[in-house]
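Q: There's a structure below that I have some questions on.
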Amino acid sequence: MNQIAIPTNKPGEVYIPALGKTFQQIELREDDVYDTILITAASQANLTYTFWRDVQNKDLQDCNLPNPSRIQSGDEVAIFRIGVHPREAVGNTLPVFNDYRKVVAAAHLEVIFNRRPITSGPIIKYPSGLGIGGFSDETGATAVSIGVPSVAAAPTLFVPQQLKDDDDVKSKLRFLAADWISGYVAPVTANTVRMTLFLHGVMKNPLGK
């Protein structure tokens, strides 16, 4: 019996003898590309933190890219929402609320695909729609999010941005000098703050990968 479709050695790819062509089978899902940085306990004057650069030894709690700055081979993502979330804890350590306030008030985010600027602005501009909501009367309790913890409150990009497996995704969180403010003192954090950047969209993966 002649085979209608013959799998090739590439994930999700089949060869159709009757047509003499190969076709890529794909699956689509809604998901995130994400990475996490640690803002150290120190003066943040002119400091820059880079997402998706130091991915070694990170697990899926903090990053889902296997290689620096690149999504998995064969994947493609249409990004339609970008959000930053200050994580509620670093292991057993709970950062104080003032640290979150300083970071959110002073940090600037820039997202670039290859050399193409995607978005730039103060991180208060990038609510993730994630986080813990509600109230607690527990002493020392801190639960924060940028914006309301609801994805309905997180703005979407007017034009979805395409991210391919040969694109370099570069994102930097900076604390700028604010020289225009007389007597400005750069924020000083008392504890390490853990920040996660989410690029949310529709992922296209080779079937059977």
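The numbers here are math on the coordinates, done by the rules we state, and not lab data. Only a predicted model underlies this, so the values are computations on that prediction, with no experimental measurement involved. Cβ coordinates were reconstructed from backbone atoms using ideal geometry, including for glycine residues, and neighbour counts include every protein chain displayed.
Q: Using a Förster distance of 45 Å, how high is the FRET efficiency between Ala78 and Ser43, based on the Cβ-Cβ distance and rounded to 0.05?
A: Computed FRET efficiency for Ala78 and Ser43: 0.70.
Q: Express the relative contact order of region 28-206 as a whole percentage, based on alpha carbon pairs under 8 Å and six or more residues apart in sequence.
A: Over region 28-206, the number comes to 44 percent.
Q: How long are the semi-axes of the equivalent ellipsoid of the chain, defined as square roots of 5 times the Cα gyration tensor eigenvalues? Whole Å, largest first.
A: Equivalent ellipsoid of the chain: 40, 18, 15 Å, largest first.
Q: While we're here: Working from Cα positions, state the angle (0 to 90°, nearest 10) between the long axis of helix 97-106 and the longest principal axis of the chain.
A: Here the helix axis deviates by roughly 70 degrees.
Q: Okay, next question. Sort out for me the Cα centre separation of region 69-97 from region 1-54, rounded to whole Å.
A: Going from one Cα centre to the other spans 17 Å.
Q: Starting from the Cα-Cα distance between Tyr15 and Ala186, subtract it from 0.36 nm times their residue separation and give me the gain in nm to one decimal.
A: Net length gain for the segment: 55.6 nm.
Q: Shifting gears a bit: Within region 75-91, what residues put their amide N at less than 20 Å from the label point 7 Å along the Cα-to-Cβ vector of Ala152?
A: Answer for this model: 81-83.
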